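First comes the structure, then the notes that go with it.
The values are calculated or read from the model by the stated rules, or taken from the named source; none is laboratory data. The shown structure was predicted, so the numbers you read here are calculated from the model rather than taken from an experiment. Cβ sites come from the backbone with ideal geometry, for glycine too, and all protein chains shown count toward neighbours.
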Amino acid sequence: MSRKPRILTSLLLALALTSSLASAAEANWWDAKWPTRKKIDIDTTGKGVAIAEPIGTTAVLVRLHEGVFSFMSAKEDGSDLRFVAEDGKTELKHHIEKWDSLLNEAYVWVQVPDLKPASTTSLWLYYGNTEAPAPEAAKETYDANTTLVYHFADASKAGTDSSATGANAEGTPPPAAGSLVGSGLRVFGQTAIKAPAPPLGEWAPGAPLTVSAWIKPSALQPNAVILSRRDGANAFILGLDNGIPFVELNKQRSSVGAPIAAGAWHHVAAVADAGAITVYVDGKSYGALTAAMPLIKGPVEIDKDTSPAAASFVGYTGEIDELQIAKTARPAGFIRFAAVNQGTTADAAKLITLGEDEASDHEEESEIMKHISLITDISKDLTFDGWVVIVLCAVLAIMGWIIAAGKIMYLNTIEKASKEFTKRWENISSDLTAIDTEDNESVKNIGGSMSGKMQKLMRQSPLYQLYHLGSDEISRRMKTFRQVTFNPQEKKDAKIMGLSGRSIQAIKATLHGGMVREVQKLNGKLVFLTIGIAGGPYLGLLGTVIGVMITFAVIAKSGEVEVNSIAPGIAGALLATVAGLAVAIPALFIYSYLSSRIKDVVSNMETFIDEFVTKMAEHYKE
């Protein structure tokens with residue numbers, strides 16, 4: 001193989017590889033409307049934070065700040081954020097607890113299904129779509145076993161339950177900024193915050209349960225109540241006794257461990273399962289209590305137990321954040337993950353890492369495509385009558401474009417043929433007697449010689465047709481003249497062989513008749529363009545009037561007078577007028593263009609007729 005073929009083969013292989021890589025990247029991109037994405041890795045191996053126990057489906061906290069995220073590229077409320085699983089197809093549920101584009105800080109919760117221990121799970125964060133709608137409700141971020149989630153966010157959401165239960169807290173004080181995750185509560189043990197039951201469901205006898213919260217005690221108190229729930233003699237209490245987290249169930253208390261320090265955040269959780277309750281502190285097993293959950297269906301009280309039976313308990317003083325209750329026994333891996341993920345230690349940064357921004361290879365949707373998409377949406381509200389009008393307009397448009405294309409091609413051919421004819425006419429016009437012969441080929445070849453292909457092209461020229469028509473008339477009269485002289489083979493010169501004034505006028509009339517036929521050919525079928533110009537707007541107006549009439553009739557019948565009920569119908573009706581104008585306006589421009597070119601052709605024919613008659617009168621004098 002020579003060197004050039006080898007180089008060509010290498011280039012082709014490189015192009016094929018580049019094309020395949022580009023296609024693979026394009027296929028892996030979730031949605032072209034989102035121009036930027038960022039990879040998020042959750043590492044539960046030894047390289048990140050080693051978690052060997054099962055975790056399961058969990059809501060993962062993603063912290064965004066200026067160092068890892070471009071807030072300027074996202075919408076000002078973060079509603080363009082989308083989280084997609086590693087497969088590049090599955091969109092993950094999420095909600096935003098806090099979004100501050102001024103301070104460049106955000107806290108987002110993302111549901112990751114079946115998070116695996118001792119492995120790396122990746123997901124994608126897409127953003128940058130300025131026209132993206134708001135994501136779905138926050139309540140879908142948590143699984144069905146989650147019965148209560150309090151983020152204690154801003155003032156309008158301080159007591160909002162972010163789970164599907166909807167047990168919004170009563171008596172929630174204004175949140176305190178600068179808490180563990182955005183805002184939290186600063187409490188003083190004076191007033192109980194209640195989660196009403198219902199809608200909060202009962203705790204069935206022996207049923208599994210998980211209660212967790214982040215606490216930051218400002219002082220170490222004896223028997224301080226973080227959370228309690230009572231039903232008659234049955235009572236569940238999660239508390240802090242001089243810095244020692246405990247669970248008390250019907251006056252039985254869990255085993256104790258080392259006290260926690262005041263002024264620092266700690267994750268406290270209690271998991272009830274199979275007749276035992278395990279207490280976790282900062283994701284590690286801390287204490288235990290052998291006791292099964294009794295039936296409890298009263299309200300949950302936070303910060304203070306208001307029951308007379310709780311006289312020996314005091315209210316908790318300090319800060320509290322991210323309180324959650326689930327009707328299942330969360331595995332140890334789940335508790336460990338939550339304690340690390342939601343905390344602010346160095347392990348949190350190792351557990352979840354955010355990669356660099358990746359830009360989409362897709363081109364941003366043009367304004368034209370946006371308009372087309374909008375028109376497509378409007379067409380969904382078009383009535384049957386409107387569709388009939390649009391179909392008729394489409395038929396007119398198609399016919400007009402076909403005719404216009406044919407006319408333009410025909411005029412181009414005429415122009416090319418006329419240029420070739422003019423070159424040859426200049427040679428013969430000085431002596432028209434050159435075509436005075438019994439040989440018809442001399443007329444066809446304009447007194448010279450032409451190939452069959454050139455003759456075929458020349459016949460497309462109206463000038464050639466007029467020339468041929470005039471030449472035939474001259475030849476016929478000269479043939480008659482020879483027969484009169486009784487010497488048909490003798491060729492007379494111009495001085496002897498003349499044409500009378502009447503003959504010249506007759507030939508001129510014949511040429512004008514030929515021109516009229518050529519003009520009719522040029523103007524043929526242009527009537528369809530004029531029908532589109534005149535009829536398109538009227539058809540569109542008819543469709544609009546019918547559509548508006550039907551829209552108002554439906555509104556009158558239903559009684560719903562709203563913008564959302566009127567606007568779609570009116571927009572759909574106006575689409576018919578747009579269709580009519582879309583037919584008429586291009587047809588008008590094309591018709592004007594064709595008319596101008598046809599006018600030039602007609603002018604050339606008139607000029608040629610005058611020149612032919614003048615030359616004829618000069619060379620065939622009477």
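Would you check if residue 573 is out of contact with any Leu (no Cβ under 6 Å at 6 or more places or on another chain), among the small types (Gly, Ala, Ser) and outside the structural domain of residue 424 (by TED's automatic domain parsing)? Quick ask: steps written out before the conclusion?
Working: out of contact with any Leu (no Cβ under 6 Å at 6 or more places or on another chain): yes; among the small types (Gly, Ala, Ser): yes; outside the structural domain of residue 424 (by TED's automatic domain parsing): yes.
For residue 573, the condition - out of contact with any Leu (no Cβ under 6 Å at 6 or more places or on another chain), among the small types (Gly, Ala, Ser) and outside the structural domain of residue 424 (by TED's automatic domain parsing) - is met.
Does residue 598 satisfy the criteria of being in contact (Cβ under 8 Å) with a residue 12 or more places away in the chain and of a type in the set (A, V, I, L, M)? For residue 598, the condition - in contact (Cβ under 8 Å) with a residue 12 or more places away in the chain and of a type in the set (A, V, I, L, M) - is met.
Residue pairs whose Cβ atoms lie under 7 Å apart, separated by 6 or more positions or on different chains, with the first residue in the stretch 406-422 and under 17 Å from residue 453 (Cα atoms) and the second aromatic (Phe, Trp, Tyr), are 417/464; 421/464. Only one entry in 257, 239 is of a type in the set (Gly, Ala, Ser), part of a strand (DSSP E or B) and touching a Pro at 6+ places or on another chain (Cβ under 9 Å), namely 239.
When residue 155 is tested against (1) outside the structural domain of residue 77 (by TED's automatic domain parsing); (2) at pLDDT below 90; (3) more than 29 Å from residue 314 (Cβ to Cβ), only condition (3) is not met. Restricting the stretch 98-120 to residues that are over 12 Å from residue 77 (Cα atoms) and surrounded by fewer than 18 Cβ atoms within 10 Å (Cβ to Cβ), the residue that is farthest from the chain's Cα centre (by Cα) is 118. If you go through the stretch 129-174 and keep only what is part of a helix (DSSP H, G or I) and buried (at least 21 other Cβ atoms within 10 Å of the Cβ), you end up with 138, 141.
Scanning the stretch 164-181 turns up one or more residues that are within 33 Å of the chain's Cα centre (by Cα) and under 18 Å from residue 300 (Cα atoms).
Matching residues to (1) among the aliphatic types (A, V, I, L, M); (2) at pLDDT 80 or above; (3) within 18 Å of residue 610 (Cα to Cα):
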| site | (1), (2), (3) |
| --- | --- |
| 448 | no, no, no |
| 458 | yes, no, no |
| 464 | no, yes, yes |
| 485 | no, no, no |
| 509 | yes, yes, yes |
| 517 | no, yes, yes |
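One residue alone among 201, 178 is over 22 Å from residue 306 (Cα atoms) and either assigned to a loop (DSSP other than H, G, I, E, B) or in the same structural domain as residue 256 (by TED's automatic domain parsing) (or both), and that residue is 178.
Return the pairs, sorted by first residue and then second, in which the second residue is crowded, with 16+ Cβ neighbours inside 10 Å and not polar (S, T, N, Q), the first residue lies in the stretch 103-117 and is in the same structural domain as residue 80 (by TED's automatic domain parsing) and on the phi > 0 side of the Ramachandran plot, the beta carbons are less than 9 Å apart, and the residues are 6+ apart or on different chains. Matching pairs, first to second residue: 104/64; 104/69; 104/71; 114/55; 114/56.
Here the condition is being of a type in the set (Ser, Thr, Tyr) and under 30 Å from residue 473 (Cβ atoms); of 558, 603, 596, 592, it holds for 603 alone. Scanning the stretch 247-276 for residues that are crowded, with 23+ Cβ neighbours inside 10 Å and either of a type in the set (Lys, Arg) or under 17 Å from residue 314 (Cα atoms) (or both) yields one hit, 247. No other residue among 566, 533, 570 is more than 30 Å from residue 477 (Cα to Cα) and surrounded by 18 or more Cβ atoms within 10 Å (Cβ to Cβ) apart from 533. Residue-level check: of (1) at pLDDT 80 or above; (2) surrounded by 14 or more Cβ atoms within 10 Å (Cβ to Cβ), residue 412 misses just (2).
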